[in-house]
Structure formats: structure tokens, C-alpha cells
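Structure first, commentary second.
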Amino acid sequence: MQAILEAESRAVAAIPVTDDYVRAVEIITERVHRCGGKLVTSGMGKAGQIAMNIATTFSSTGTPAVFLHPSEAQHGDLGIICPHDVLLLVSNSGKTREIIELITLAENMHPGLPVIVITGQAGSPLALRADATLLTGGAPEVCPLGLTPTTSTTMMTVIGDVLVVNVMKQIGFSREQYALRHHGGYLGTAARGENE
């Protein structure tokens, strides 16, 4: 158990921090908060679940975001994308066919749509099409088969958190604004400074 925790901790500490993080935060801030767009996240399988989590975390912290399933996008859901939006795409391999196709389809509708990619592969097709590429570091999965997304999904989640927190700081997101988005439960009570 300890070895698994240590392996994932080392992987988190080894995530490459580049200027693309600053670029990604600038893109999101410009397109969503200055131009009135939204963040559209996407991914397949486990990466898709991480992309959905990133979208909901952004939405709850002042940055409108939605998750778009890449397969459903090809059957009409692509219409959710608007001219001032940003695509945040998650793929460990950087080769996920449905995600590559999503970029092409989105660009056909809205040329120049900025793309942020979270991936484990720097030279992958997705990384090469991105305006900002955030690399996981490519640490091996802790799964004994080396196959199940484990370490990679942890890295993707952490990178999403880094983006969320930095955009919150950039837009000056306040406790009062947080409370407006959380009416129920412990977080809503805590944000309003109320005692349960």
C-alpha cells in the first residue's frame, strides 16, 4: 500500500511545469471571462470521467464549463460549442480517435477555436494540434498489469486542479461568489459562514 502511495506521490511531484500552464490560464480567462464563452471539456473512457470532473469543478468556481462526450458530439451535441469557447481535451495517449475528430469538427464550425490538451505524450497528434499542452509526465501506471488508468488519471486530476485554482486567482473569485453557487450541503453552509 505504501509503495503505491509513494509511486503516485513521486509522479505528482514530477509533473512538468511549463509556460503552457500560464498560456492555458490566459486562454480560459480571455475566452470565458472577457469574451463570454465557456470551457468545453472532453475525453473518452476514464479520461472522459476526469474531463467531466474538471468541468464541474470549474463551473462551481466561477468559470462556466460543460462536458461534451466526443461520440455524442458526432450525433448533434457538437452544437453546444460556440465561437468564444475553449476546448480542454484529456487523453493519456494523445491519439484518441474520437478526440482528434472532435477538434476537426469543432474547427469546421468555429475556425480558430483554442485547444488545451492534457496528455502523457508530448509528440502525440493531440499535443501537436494544441495551443497549450499540459503533460502528465508519463509515469508508469501503478496497476500491476501496467494498463489500467491509475497514475495517469491522478496526474490528469491534479493538472485540472492546478488550472482551476489559477483561474480562480486570476478572476478574483470570492467566498461570496462561491456561496451563490452552493446553496445546499456542508460547502454551502461553510461558504456563507453559517453554523449547522
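Among the residues of the range 54-109, which ones are open to solvent by 20 Å² or more (accessible area, probe 1.4 Å), of a type outside the set (Phe, Trp, Tyr) and under 16 Å from GLY160 (Cα atoms)?
THR56, THR57, SER59, SER60, PRO64, VAL66, ASN92, listed by residue number.
Return the only residue of GLY138, GLY185, GLY146, GLY193 being under 19 Å from the mean Cα position of the chain (by Cα) and at positive phi. Break it down into steps so the answer makes sense when it comes.
Working: GLY185 fails: under 19 Å from the mean Cα position of the chain (by Cα); GLY146 fails: under 19 Å from the mean Cα position of the chain (by Cα); GLY193 fails: under 19 Å from the mean Cα position of the chain (by Cα).
The match here is GLY138.
For (1) assigned to a loop (DSSP other than H, G, I, E, B); (2) crowded, with 17+ Cβ neighbours inside 10 Å; (3) of a type outside the set (Asp, Glu), each residue gets a yes or a no:
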{"residue": "THR133", "(1), (2), (3)": "no, yes, yes"}
{"residue": "GLU141", "(1), (2), (3)": "yes, yes, no"}
{"residue": "LEU147", "(1), (2), (3)": "yes, no, yes"}
{"residue": "THR153", "(1), (2), (3)": "no, yes, yes"}
{"residue": "THR157", "(1), (2), (3)": "no, yes, yes"}
{"residue": "VAL162", "(1), (2), (3)": "no, no, yes"}
{"residue": "VAL167", "(1), (2), (3)": "no, yes, yes"}
{"residue": "GLU176", "(1), (2), (3)": "no, no, no"}
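Select from the range 12-42 the residues that are in contact (Cβ under 8 Å) with a residue 60 or more places away in the chain and of a type in the set (Gly, Ala, Ser) and write down the one among them that is most open to solvent (accessible area, probe 1.4 Å).
ALA14
If you check GLN2 against the conditions, is it without any contact (Cβ under 8 Å) to a residue 12 or more places away in the chain, of a type outside the set (D, E, K, R) and farther than 17 Å from THR157 by Cα?
Details: without any contact (Cβ under 8 Å) to a residue 12 or more places away in the chain: yes; of a type outside the set (D, E, K, R): yes; farther than 17 Å from THR157 by Cα: yes.
When the stated conditions are applied, GLN2 passes them.
Give me a count of the residues in the range 25-78 that are among the aliphatic types (A, V, I, L, M) and assigned to a helix (DSSP H, G or I).
Just the residues of the range 25-78 that are among the aliphatic types (A, V, I, L, M), to begin with: 25, 27-28, 32, 39-40, 44, 47, 50-52, 54-55, 65-66, 68, 73, 78.
Checking the rest, the ones that are also assigned to a helix (DSSP H, G or I) come to 25, 27-28, 32, 47, 50-52, 54-55, 73, 78.
Residues meeting the conditions: 12.
Could you please give the count of residues in the range 167-187 that are in contact with a helix residue (DSSP H, G or I) (Cβ under 6 Å, 6 or more places away or on another chain) and among the aromatic types (Phe, Trp, Tyr)?
Adding up the residues that qualify gives 1.
The values are calculated or read from the model by the stated rules, or taken from the named source; none is laboratory data. Being a predicted model, the structure only gives us computed values, none of them experimental. Positions of Cβ are backbone-derived with ideal geometry, glycine not excepted, and every protein chain shown enters the neighbour counts. With ligands, DNA and RNA removed, areas are computed over all heavy atoms of the protein, side chains included. Shrake-Rupley method; radii C 1.70, N 1.55, O 1.52, S 1.80 Å.
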